[in-house]
Amino acid sequence: MSTIVAISTAIGNSGIGIIRMSGEESFDIIKKIFKPKSKTLNIKPNTINYGYIVDRDKIVDEVLVSFFSSPKSFTTENMCEINSHGGILIMNKILEICLENGAKLAEPGEFTKRAFLNGRIDLSQAEAIVDIINAKSEKEAKASIKQLKGDLSEKLSEIKSQILEVLTNIEASIDYPEYDVEEVTNSKVLQLMDVVDNELEDLKKTFDRGKLIKDGINIAIVGRPNAGKSSLLNAILKEDRAIVTEYEGTTRDTIEEFIQIDGIPARIIDTAGIRETDNEIEKIGINKSKEAVANADLVIAIIDSSKKLEKEDIEILNLIKNKKVIILLNKNDLENKIEEDEIVQIIGDKPILRISALNKEGIEKLYETISKMYKFNEIDIDDSLTITNNRHKQAINSMIKNVENVKKTIKENMPIDIVTIYITDILNDIGKITGDSASEDIINEIFKKFCLGK
């Protein structure tokens, strides 16, 4: 394989930047472009050398160079990392010098891909790296770290061992038919498949919480103009993200931001006020608001409680009555003119909270209500493996189906060797997750999600 190089830190002005290089010629290239301060280059594994990157004897930057020797490196190849100053110009110049001296620009995710191809990690661990980088919450990061550590790989290895034991029993009955062990084999296979079935079902059940951890929930804030939607968004974000004025129809488009509630990501969508209007631009915003409501996991309907319930409030309540909803009676710092019973008569038994978005009162209670609704506090990933990847879920579903096919085939007294077809399919599904039997297209698609330098 060629020697690859890429900038691993985000492009921008920062304290440091890291240029990573991996391949057989890594150390030879460094010898050409690095002058150690000590005059003697110490290429010893897991050491750092202080000195200068030079271009034809002209100093480019003062750097630290770390060395990692094969096979004890991230890619299992010879690797070095140049810790430079974090300016865009400096990092690009060092990258250019490496390329001029024999390195090839790495593709997105190529360092991790080499770690996978060289057997240091499996495919599920590689996917965990992407998830860690893109994690939107602490719980998602924790779940990804457990996968990176190999928790999923270990569980799949256990299941694979059980499946291989099934194959051993089947082969015994096929190879020694004169001993009439088929009945014993069938019983043993059914017992083992019941164990595998239970373990796979347990993994499958974790996906609901895994999806919540990874994707979070979409929350749409709706209400008529000037009900306090933008003030609520600002109170939630603790910054003036949305424009707040006394004039109706200020928000003409949706505004989206991410927050965390008890470690779960939530995408908050502030929508345009829903009302009848002749303004074509405002109509577009209102249509986007209705679309946001349709796609939301949770709708927060905000109503101005300092005014009597209006026709537009009622229309909005009817629009969302079949969704998961929290009603906020806003402006409780003013005289209240709406009773909760009025809301219940229209929309039924939904959580109703009184708040003052302007004064940031009731926001914590809103968080508590959302957390209770989705049972965020019950999501514990510290002591359990959680499936967060839809590709893994599909493979597990396929395994469960083939386990059922194995049991059905045996119970219908079909020839025992037919079972091996379904057993092989289960092993292939395990391989799709770990990468042992994943197609090149799937592998390439996964590594396309990586950033440069990882």
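The values are calculated or read from the model by the stated rules, or taken from the named source; none is laboratory data. Quantities reported herein were computed from a predicted structural model and do not represent experimental measurements. Cβ atoms come from the backbone with ideal geometry, glycine included; neighbour counts cover every protein chain shown.
The figures follow:
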{"item": "Tabulated pairs, region 341-353, first under 10 Å from residue 325 (Cβ atoms), second of a type in the set (S, T, N, Q), C-beta under 6 angstrom, 6+ apart or interchain", "result": "351/369"}
{"item": "Subset tally (residues that are part of a strand (DSSP E or B) and closer than 20 Å to residue 70 by Cβ) for region 32-50", "result": "4"}
{"item": "Counted residues, region 200-223 - those being of a type in the set (D, E, K, R) and crowded, with 19+ Cβ neighbours inside 10 Å", "result": "2"}
{"item": "Residue tally, condition in a loop (DSSP other than H, G, I, E, B), within 24 Å of the chain's Cα centre (by Cα) and under 25 Å from residue 321 (Cβ atoms), over region 354-390", "result": "1"}
{"item": "Any hit, region 224-232, residues being hydrophobic (A, V, I, L, M, F, W, C), farther than 27 Å from residue 141 by Cβ and surrounded by 21 or more Cβ atoms within 10 Å (Cβ to Cβ)", "result": "yes"}
{"item": "Filtered residues of region 289-323 (kept if surrounded by fewer than 16 Cβ atoms within 10 Å (Cβ to Cβ), out of contact with any helix residue (DSSP H, G or I) (no Cβ under 8 Å at 6 or more places or on another chain) and within 18 Å of residue 345 (Cβ to Cβ))", "result": "308, 310, 311, 315, 322"}
{"item": "Test: residue in region 412-424 that is within 30 Å of residue 308 (Cβ to Cβ), among the aromatic types (Phe, Trp, Tyr) and either in contact with an Asp or Glu (Cβ under 8 Å, 6 or more places away or on another chain) or in the same structural domain as residue 203 (by TED's automatic domain parsing) (or both)", "result": "no"}
{"item": "Any hit, region 263-281, residues being assigned to a helix (DSSP H, G or I), modelled with pLDDT under 80 and assigned by TED's automatic domain parsing to the domain that holds residue 367", "result": "yes"}
{"item": "Residue that is farthest from the chain's Cα centre (by Cα) [pool: residues in region 3-25 that are surrounded by 13 or more Cβ atoms within 10 Å (Cβ to Cβ) and among the polar types (S, T, N, Q)]", "result": "3"}
{"item": "Residue list for region 324-347, filter: hydrophobic (A, V, I, L, M, F, W, C) and touching a helix residue (DSSP H, G or I) at 6+ places or on another chain (Cβ under 9 Å)", "result": "325, 326, 327, 328, 329, 338, 343, 346, 347"}
{"item": "Condition check for residue 94: buried (at least 20 other Cβ atoms within 10 Å of the Cβ), aliphatic (A, V, I, L, M) and not in a strand (DSSP E or B)", "result": "yes"}
